[in-house]
Protein chains: 2
Amino acid sequence: MMLIDKTVQGFITELASDSSAPGGGSVAALSASLGGALAIMVCRLTVNSEKHAAVHTEMAAVLNQAQAVTASLTRYIDEDTQAFNQVMAAYKLPKATDAEKQARSQKIQESTKQATILPLQVAEEALKVMELAAKTLEYGNPHAASDAAVAGLMAYAGLRGALYNVAINLPGIKDQAFADNVRAKAAAVRQQADKLNQQLESIGKEKLD
Amino acid sequence: MMLIDKTVQGFITELASDSSAPGGGSVAALSASLGGALAIMVCRLTVNSEKHAAVHTEMAAVLNQAQAVTASLTRYIDEDTQAFNQVMAAYKLPKATDAEKQARSQKIQESTKQATILPLQVAEEALKVMELAAKTLEYGNPHAASDAAVAGLMAYAGLRGALYNVAINLPGIKDQAFADNVRAKAAAVRQQADKLNQQLESIGKEKLD
């Protein structure tokens with residue numbers, strides 16, 4: 001059964017269980033998906049209201065982008081757990097002969113790379129959600145300002161969470177060029193996210209405090 | 001149908017719909033619940049491992065507290081949306097006569113107070129999750145360090161999101177003593193949360209970077 005087909009209560013219960021999967025990687029993707037869904041809602045509550053006609057074109061564009069990125073992020077909820085399970089499976093491969101050892105080692109490396117790239121992609125998509133959330137907070141229906149602000153928070157938490165999942169996998173990767181490339185990309189995403197987070201916080205203060 | 005009985009995909013879809021409810025308040029409670037569930041998982045992955053026998057007593061205590069607070073936070077996912085719906089219902093009450101106007105105004109005030117107290121309670125419970133997440137990150141199974149770090153992020157995002165929901169409701173409350181009391185409590189929670197967030201970030205850096 002896919003994680004997104006479980007009930008919310010069922011997902012929370014399975015998360016809390018003594019199995020490592022699902023874990024923080026799937027939660028990070030879910031968090032960013034929730035942010036995207038809230039951004040979509042704020043767009044709809046804006047384009048549906050004649051009072052906000054001046055921003056309809058802009059908000060309709062944000063709505064389209066938010067729908068695409070949220071659909072993609074929602075897929076990562078399951079994909080992250082699948083990638084983690086692949087790593088676990090690789091570690092359980094036989095290692096009696098040299099050939100087995102080599103095949104196992106290769107599978108561990110391949111699956112760990114995949115389990116590192118996936119959360120990096122989640123972080124990159126969560127960054128897009130942060131940008132869209134900032135637009136909904138700035139120009140969207142002010143009655144939904146707290147929803148737009150929460151959209152930004154969920155995207156940022158998802159992004160940071162995804163980067164923690166990148167970080168925990170990096171030391172296991174032997175391909176240093178690959179690891180350095182991922183590290184550089186992760187650092188760039190983090191820098192942009194921290195800047196956007198400050199912007200979101202300052203607009204949120206202005207609109208809500 | 002309760003929100004927690006919807007599938008994860010169904011919840012995301014309903015969140016994105018053009019109805020204001022569910023919105024950021026329920027997402028804030030869900031975020032903190034996810035943080036609590038991850039903290040529980042890390043506790044279990046620690047008390048199940050002989051290698052970490054030195055921290056079993058401490059982690060078992062954290063596990064108990066995390067279970068209680070997560071169960072409570074999960075209830076707020078639906079309660080927040082119900083409280084919001086009560087406010088909407090109050091605004092729709094008839095206002096043709098003076099008696100109706102007075103009854104409507106009283107219902108608006110009562111329901112708005114309730115819709116302000118609930119997210120404040122979510123924020124206070126999310127603060128507990130942050131404290132527990134910090135312990136799991138510091139003393140828990142290091143294989144689950146990213147999960148513990150994500151637990152802290154989700155709790156902090158939930159807390160901040162809940163406080164945005166407090167903030168958007170406060171201007172509608174006429175009882176200034178009530179509003180001032182809520183504002184002071186919210187500020188105190190925020191201050192503690194920001195401090196804990198910095199601690200979580202610095203332990204996360206040490207364990208994962």
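The values are calculated or read from the model by the stated rules, or taken from the named source; none is laboratory data. Computed from a predicted structure; not experimentally measured. Backbone-built Cβ (ideal geometry, glycine too); neighbour counts: all protein chains shown. For the accessible areas, the whole protein counts, side chains as well, though only heavy atoms, and no ligand, DNA or RNA atoms are used. Shrake-Rupley method; radii C 1.70, N 1.55, O 1.52, S 1.80 Å.
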>> I'd like to know if the range B:196-208 contains one or more residues that are out of contact with any strand residue (DSSP E or B) (no Cβ under 9 Å at 6 or more places or on another chain) and farther than 13 Å from B:Gly152 by Cβ.
In response: yes
>> Restricting to the range A:153-184, give me the number of residues that are under 15 Å from the mean Cα position of the chain (by Cα) and of a type outside the set (A, V, I, L, M, F, W, C).
In response: 6
> If you take the residues of the range B:126-137 that are of a type outside the set (Ser, Thr, Tyr) and crowded, with 24+ Cβ neighbours inside 10 Å, which of them is nearest to B:Ala186 (Cα to Cα)?
Replying inline: B:Ala126
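Residue-by-condition table, conditions (1) over 24 Å from A:Gly158 (Cα atoms); (2) in contact with a strand residue (DSSP E or B) (Cβ under 9 Å, 6 or more places away or on another chain); (3) surrounded by 23 or more Cβ atoms within 10 Å (Cβ to Cβ):
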residue	(1), (2), (3)
B:Ile12	no, no, yes
B:Asp18	no, no, no
B:Gly24	no, no, yes
B:Ala32	no, no, yes
B:Leu38	no, no, yes
B:Asn48	yes, no, no
B:Lys51	yes, no, no
B:Thr57	yes, no, no
>> Out of A:Ala99, A:Ala83, I need the residue that is touching a helix residue (DSSP H, G or I) at 6+ places or on another chain (Cβ under 6 Å) and either surrounded by fewer than 15 Cβ atoms within 10 Å (Cβ to Cβ) or within 23 Å of B:Ser146 (Cα to Cα) (or both). Which one?
In response: A:Ala83
> So which pairs qualify, if the first residue must be in the range A:136-154 and more than 9 Å from chain B (Cβ to nearest Cβ) and over 18 Å from B:Ala32 (Cα atoms), the second must be of a type in the set (Val, Ile, Thr) and open to solvent by less than 10 Å² (accessible area, probe 1.4 Å), the Cβ gap must be under 7 Å, and the two must be at least 6 apart or on different chains?
Replying inline: A:Thr136/A:Val42; A:Thr136/A:Val62; A:Gly140/A:Val42; A:Gly140/A:Thr46; A:Asn141/A:Val42; A:Asn141/A:Thr46
>> Restricting to the range B:37-93, count the residues that are away from chain A (no Cβ under 12 Å) and among the acidic types (Asp, Glu).
In response: 3
> Do we find that A:Gln191 is more than 30 Å from A:Asn48 (Cα to Cα), more than 12 Å from chain B (Cβ to nearest Cβ), open to solvent by 60 Å² or more (accessible area, probe 1.4 Å) and under 18 Å from the mean Cα position of the chain (by Cα) in this structure?
Replying inline: yes
> Which of the residues belonging to the range B:1-29 are more than 7 Å from every other protein chain (Cβ to nearest Cβ), among the aliphatic types (A, V, I, L, M) and under 20 Å from A:Ala16 (Cβ atoms)?
Replying inline: B:Met2, B:Ala29
> Can you tell me which of B:Lys207, B:Lys113, B:Lys174 is away from chain A (no Cβ under 12 Å) and open to solvent by 70 Å² or more (accessible area, probe 1.4 Å)?
Replying inline: B:Lys174
